[in-house]
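Participant: For reference, the structure I am asking about is given below.
The values are calculated or read from the model by the stated rules, or taken from the named source; none is laboratory data. It should be emphasised that the depicted structure is a prediction, and the values quoted were computed from it without experimental measurement. Note: ideal-geometry Cβ built from the backbone for every residue, glycine included; neighbour counts use all protein chains shown. Just the protein is used for accessible areas: all its heavy atoms, side chains included, with ligands, DNA and RNA removed. Shrake-Rupley method; radii C 1.70, N 1.55, O 1.52, S 1.80 Å.
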Amino acid sequence: MTFFLGNHQADFALNFLSLFLEGAPYILLGTLISGFIDVYMPASLMDRMIPKNKFMAILSCGLMGLILPVCECAVVPVIRRLVSKGLPISCAFTYMLAAPIVNPVTIWSTWHAFSDQDQWWVVLSRVGMGYGVAVLAGIILLAIPAEKVLRDSLLRTLRSANDKRAKAKSEAEAKEHAEHHLHDDGECCGHDHSHDHDHDEGGSKVVMAFRSGVQDCVDVAVYFSIGVCLTAMFNIWYVLNQESMTQYLDSVWMETGGMMVLAFVLSVCSTSDAFMAATLRGVGIGSKMAFMVLGPMLDVKLLFLYQTVMRKKFLFYFAIGLFILIGLLSVAWQEFEPLREMINNMAGGKS
Amino acid sequence: MKILERRVMSVVVLMIGALLLYFYQHEKLNGYLKEKFHIYVLIGGLAAMVMAVFSILTAGLEGDCGHDHGDDEGDCDAHDHDHGSDMNPFVALMIVALPMFFSLSWTTHGISAARQDALSEKDVSSADFTFNDLPPFTLETLEKSTSKAPDGAFMLNIFELFFTAGDTVQEKVINGLYVETEAKLRNEPNRNPDGNRMRLFRLMMTCCAADAQAVPMTIEFEGETPDIGHNSWVRVAGIMSYERQDGVVYPMLKVKRIEEIPVPEGEWSEGLMK
């Protein structure tokens, strides 16, 4: 490590520790939630909660962050569990991409950070673009088989869970059928035939929930550590070369691309990145959007966290696709002046 | 999963919790994170410790996970809530522990001089920033809200002075005023035609130390530049003015007095300096 860092060891240490201290509490929260989801949430709940229509399901999952607000670090372990509980991949990815943006904490921080800069326009743009990109990703995922998206370990878990659900369902149907015959014959024994296999030993469940949470935490912490190491190194390189980099940012395309690279490298938490974007007054609104929409969906540490869910090949295309889509939308957004004026006038804000 | 492996996994979480709690009580936490994040460090640390200790103590128990098991499956470990992991716990321990260990041994809890140089070298226009929390700016409000040095200089921080540049109302108030500020001192790398200028700067953080940026301001001397060490903290007083170059407004202080001072108390960017 010393070989790579030269005389920047102290800066690496400061970057690593500051990013780790910032992200680790949210990862712990996410893994704790995922542990309890694993043990306490019945798989059938997903079937009941999610609309049957695939598109409606994706649209509603994009808004789940309003009820279960998590940032980008915490959302990864949560969706791993939700997928193994039967949440369709398209819905899970929509939630994963949208939740760090479409949640009350991020909305409030964006509102607060841009309080003197077209705040209605900025908040609506960020939430709208984040939601739109997440929903579009979910719709595209409807057409991609799970084997091409999920990593093997998660796929095995999912298949095993599906097999169990199918088996349990057929057993239940067979039992119901048998009981139906039995009752028809008038041989009812007068008690409930449905046996509850949920041996409710609260203490044991808690043990399993914590055990599951610990395992998720370790899985995610490994990738998080690697991601934070790389972010810390990139950050050192960026600071040393920012002068030469900024001279190329002379067009809206380059500026947008530059802000996306910055979001990717800095890996700022989605709950606070608006404060950083808001201070950059010389940067166009489209480029700020690119920074605030791409950052919560894709950065160096997330690239590693996503590997706990996705196959590497899929992740490669997924990352490129997100980068291009958000870049194009952000540049287009910058040109939406009439709409911007209209929203600001409706809100009575400054333009 | 074996009991030992469960315990090793719990140790990884324990380590993360210990790191968070160690830094929560550390006097230099504000050198890593903005204050609003400190409470999460405490909550995260406590949660990790509880999770890890509980899991270590119960590693030998076979729990009931609460869902249906077929008769062939026996206990929870047969279908296993430890599913999904393809990470050897000992490898995981190394991957998480090594960067932590190296970082703890390398950190000075502050930003290195080389990084401060790189950050403060760039010319920054105040038009590139905006701040929402600045109070309304008139000479009257300035008189009411700002202390003065014994020689009558308004004591303002460099951020307040920097962000007046480019705002015509604020420039009008500040231009020509006698002000005093404290910051770090370095050579002026860019706009220094007569060689009699130096640069003041301070670092600001948005979320964590990794996003630190420098806010600079040029100072100009009537004669030679003083012999003060690079990156020393100084208290400077002088007359404020503004320089316009290529459409950018730069704040500038024409120095009347300058003295070296110790690092201000609570300055987040300065570490313990090993």
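Participant: Let's test the formula: R0 of 30 Å, r as the Cβ-Cβ distance of B:LYS122 and B:THR168. What FRET efficiency results, to the nearest 0.05?
Facilitator: That gives a FRET efficiency of 0.75.
Participant: With labels modelled as points extended 7 Å from the Cα through the Cβ direction, what inter-label distance (nm, one decimal) is found for B:MET204 paired with A:TRP108?
Facilitator: 2.3 nm
Participant: Counting only residues 5 or more places away or on other chains, whose amide H sits under 5 Å from the amide H of B:GLY166 once H atoms are built in the peptide plane?
Facilitator: Amide H neighbours of B:GLY166: none.
Participant: Here is a further query. Which of B:PHE54, B:PHE159, B:PHE23 moves most in a GNM of chain B, Cα contacts under 10 Å?
Facilitator: B:PHE54
Participant: Rounded, prolate or oblate, given the Cα gyration tensor of the stretch B:113-260, with a/c below 1.5 counting as rounded? Show your work: numbers first, answer last.
Facilitator: Details: a/c = 1.39, a/b = 1.13, b/c = 1.23.
Rounded, since a/c falls under 1.5.
Participant: Given H placed on each backbone N at 1.01 Å, which residues far from B:THR206 in sequence or on other chains put an amide H within less than 5 Å of it?
Facilitator: Placed amide hydrogens put B:ASP211 under 5 Å from B:THR206.
Participant: Right, something else. Place a +1 charge on the Cβ of each Lys and Arg in the stretch A:4-84 and a -1 charge on the Cβ of each Asp and Glu, then give the dipole magnitude about the Cα centre in debye, rounded to the nearest 20.
Facilitator: In debye, rounded to 20, the stretch A:4-84 gives about 460.
Participant: Further question on the same structure: In whole angstrom, note down how far apart the Cα centers of the stretch A:90-159 and the stretch A:17-31 are.
Facilitator: The stretch A:90-159 and the stretch A:17-31 have Cα centres spaced 20 Å from each other.
Participant: Now, a different point. Shielding of B:53-62 by partners, i.e. mean partner chain Cβ atoms within 10 Å per residue?
Facilitator: 4
Participant: Sticking with this one: Gaussian network model of chain B, Cα springs within a sub-10 Å range: biggest mean-square fluctuation belongs to which of B:ASP211, B:ASP246, B:ASP194?
Facilitator: Top of the fluctuation ranking is B:ASP246.
Participant: Here's something else I'd like to know. In whole Hz, with x marking every Gly and Pro, tabulate ³J(HN,Hα) for the stretch B:95-111 from phi via Karplus 6.51 cos²θ - 1.76 cosθ + 1.60, θ = phi - 60°.
Facilitator: 5, 7, 6, 4, x, 4, 4, 5, 5, 5, 7, 8, 5, 10, 6, x, 8
Participant: Would you tell me the accessible area of B:HIS230, worked out with a 1.4 angstrom probe on the heavy atoms of the protein chains, in Å² to the nearest 10?
Facilitator: 100 Å²
Participant: Using a Gaussian network model of chain B with C-alpha springs under 10 Å, which one of B:GLU171, B:GLU140, B:GLU182 is most mobile by mean-square fluctuation?
Facilitator: B:GLU140
Participant: Which whole number gives the average, over all residues in A:232-241, of C-beta atoms from other chains lying within 10 Å of the residue C-beta?
Facilitator: Counting other chains' Cβ atoms within 10 Å and averaging over A:232-241 gives 4.
Participant: Would you rank B:ASP227, B:ASP167, A:ASP163, A:ASP152 by solvent-accessible area, highest first, keeping every protein chain in place and using a 1.4 Å probe?
Facilitator: In descending accessible area the options line up as B:ASP227, A:ASP163, A:ASP152, B:ASP167.
Participant: If you don't mind, another one. Roughly how many debye, to the nearest 20, is the charge dipole of the stretch B:113-260 about its Cα centre, given +1 on each Lys and Arg Cβ, -1 on each Asp and Glu Cβ, and no other charges?
Facilitator: Details: 16 positive and 24 negative charges, 22 e Å.
In total the dipole reaches around 100 debye.
Participant: Between B:ILE219 and residues 5 or more places away or on another chain, which pairs have amide H atoms under 5 Å apart, with H built 1.01 Å from N, and which residues are they?
Facilitator: When sequence neighbours closer than 5 places are left aside, the close amide H contacts are B:MET198, B:ARG199, B:LEU200, B:LEU253.
Participant: For chain B, give the magnitude of the charge dipole about the Cα centre (Cβ charges: +1 Lys/Arg, -1 Asp/Glu; no others), in debye to the nearest 20.
Facilitator: 1280 debye
Participant: Treat each spin label as a single point 7 Å out from the Cα along the C-beta direction, and report the B:ILE261 to B:LYS144 distance in nm.
Facilitator: For B:ILE261 paired with B:LYS144, the spin-label model returns 2.6 nm.
Participant: Follow-up question, since we're still on this one. In whole Hz and in residue order, list the ³J(HN,Hα) couplings for the stretch A:145-154 that follow from phi through the Karplus curve 6.51 cos²θ - 1.76 cosθ + 1.60, θ = phi - 60°; x for Gly and Pro.
Facilitator: Couplings: x, 4, 4, 8, 9, 8, 6, 4, 4, 6 Hz.
Participant: Rounded to whole Hz and in sequence order, give me ³J(HN,Hα) for the stretch B:15-25 from the Karplus expression 6.51 cos²θ - 1.76 cosθ + 1.60, θ = phi - 60°, writing x for Gly and Pro.
Facilitator: Calculated HN-Hα couplings, in order: 5, 4, x, 5, 4, 5, 5, 4, 6, 4, 8 Hz.
Participant: Moving to a separate point now. Return the subset of A:LYS301/B:LYS184; A:LYS301/B:LYS34; A:LYS54/A:LYS288 for which the Cα-Cα distance in this structure is over 25 Å, preserving the input order.
Facilitator: As for pairs spanning more than 25 Å Cα to Cα, those are A:LYS301/B:LYS184; A:LYS54/A:LYS288.
Participant: Continuing with the same structure: Given a 1.4 Å probe and heavy atoms of the protein chains only, how would you sort B:LEU93, A:LEU63, A:LEU266, largest accessible area at the top? Working shown, then result.
Facilitator: Working: B:LEU93 40, A:LEU63 80, A:LEU266 10 Å².
Highest to lowest solvent-accessible surface, that is A:LEU63, B:LEU93, A:LEU266.
Participant: If the cut-off is 22 Å between C-alpha atoms, which lysines fall inside it for A:LYS164, apart from same-chain ones fewer than 8 positions away?
Facilitator: Once the sequence-local lysines are set aside, what remains near A:LYS164 is A:LYS52, A:LYS85, A:LYS175, A:LYS205.
Participant: With each pseudo-label sitting 7 Å past Cα toward Cβ, what's the A:LYS54-A:ALA174 distance in nm, one decimal?
Facilitator: For A:LYS54 paired with A:ALA174, the spin-label model returns 3.2 nm.
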